[in-house]
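The values are calculated or read from the model by the stated rules, or taken from the named source; none is laboratory data. Everything numeric here is computed off the predicted structure, so don't read it as measured data. Cβ placement follows ideal geometry from the backbone for every residue including glycine, while neighbour counts extend to all protein chains displayed.
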Amino acid sequence: MSLHIHLQSLRTPSRVLLENLTLEVPAGAVHTVMGPSGSGKSSLLAAVCGTLDGGLQFDGRITLNGLRIDTLPTPARRVGLLLQDDLLFAHMTVRENLLFAVPPGPKAQRHAHVVQALINTEMQDFGDADPATLSGGQRARVALARALLAQPQALLLDEPFSKLDMRLRERMRALVFGAIAQRGIAALLVTHDSADIADPRQCTHV
């Protein structure tokens with residue numbers, strides 16, 4: 001599930017944010033993008049998942065597994081997003097948050113996927129919990145489980161570890177990178193922290 005990005009330019013009405021950028025992200029790899037604030041890192045992720053602000057213009061081509069996706073609507077791109085803010089639904093339990101992401105199918109099968117996701121993230125005792133009662137680390141794990149349950153073919157990570165303390169940050173890195181490798185997902189990570197780089201060979205500075 002490789003992700004290929006060929007960006008000729010990404011611009012606002014007044015200035016160019018990025019230009020002449022080519023990235024190839026193999027299946028199971030995490031490609032890191034680093035750079036100062038305002039350099040266009042998060043806008044690059046928005047271009048990939050199809051959520052660019054109306055004032056930004058993307059000129060280029062993005063393919064996922066050989067299929068061009070930059071011309072597709074966001075839901076059809078099969079691209080997941082994990083942010084520093086977990087964005088859990090406050091009116092839903094943890095289990096309901098996860099079930100929301102599971103693709104349509106037999107009810108028993110969908111619930112089984114949720115149970116397994118809770119086990120994988122060590123959250124099996126919190127299925128009925130209100131997200132507001134969880135710690136920051138627990139919420140981060142639920143957000144990761146929800147992102148993976150949607151069965152994305154590519155995963156975009158925008159500073160997902162920045163609000164976690166050092167010890168939890170290391171555990172979450174291992175959990176996220178392990179899931180990406182195991183599932184063969186092509187991942188693009190935006191970060192300011194060099195410790196987040198999974199593979200120095202897969203790193204671009206903008």
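See the values below:
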quantity	calculated
Strands (runs of 3 or more DSSP E) contained in the stretch 138-206 and holding at least 3 residues buried (at least 19 other Cβ atoms within 10 Å of the Cβ) and not aromatic (Phe, Trp, Tyr)	154-158, 186-190
Sole residue being touching a strand residue (DSSP E or B) at 6+ places or on another chain (Cβ under 7 Å), at pLDDT 95 or above and not in a loop (DSSP other than H, G, I, E, B), chosen from LEU7, LEU82, LEU17	LEU7
Residue check for LEU134: over 16 Å from the mean Cα position of the chain (by Cα), in the same structural domain as VAL48 (by TED's automatic domain parsing) and not hydroxyl-bearing (Ser, Thr, Tyr)	no
Subset of the stretch 116-126 (residues that are surrounded by 14 or more Cβ atoms within 10 Å (Cβ to Cβ) and more than 22 Å from the chain's Cα centre (by Cα))	PHE126
Residue under evaluation GLN109, criteria (1) touching a residue at least 24 places away in the same chain (Cβ under 8 Å); (2) loosely packed, with under 12 Cβ neighbours inside 10 Å; (3) part of a helix (DSSP H, G or I), criterion not met	(1)
Identity of the residue in the stretch 31-44, closer than 20 Å to ASP70 by Cα and not charged (D, E, K, R), that ends up surrounded by the most Cβ atoms within 10 Å (Cβ to Cβ)	LEU44
When residues of the stretch 1-20 are limited to those that are more than 12 Å from ASN65 (Cα to Cα) and either touching a helix residue (DSSP H, G or I) at 6+ places or on another chain (Cβ under 8 Å) or of a type in the set (D, E, K, R) (or both), the one surrounded by the fewest Cβ atoms within 10 Å (Cβ to Cβ)	ARG15
Within the stretch 92-103, tally of residues that are crowded, with 16+ Cβ neighbours inside 10 Å and out of contact with any Pro (no Cβ under 9 Å at 6 or more places or on another chain)	5
Residue that is surrounded by the most Cβ atoms within 10 Å (Cβ to Cβ) [pool: residues in the stretch 47-79 that are out of contact with any strand residue (DSSP E or B) (no Cβ under 9 Å at 6 or more places or on another chain) and closer than 20 Å to ALA150 by Cα]	LEU72
Flag for LEU64 being at pLDDT below 95 and closer than 30 Å to ARG15 by Cβ	no
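Residue by residue, here is whether (1) small (Gly, Ala, Ser); (2) surrounded by 12 or more Cβ atoms within 10 Å (Cβ to Cβ); (3) out of contact with any helix residue (DSSP H, G or I) (no Cβ under 7 Å at 6 or more places or on another chain) holds:
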{"residue": "ALA90", "(1), (2), (3)": "yes, no, no"}
{"residue": "GLY105", "(1), (2), (3)": "yes, no, yes"}
{"residue": "VAL114", "(1), (2), (3)": "no, yes, no"}
{"residue": "SER135", "(1), (2), (3)": "yes, no, yes"}
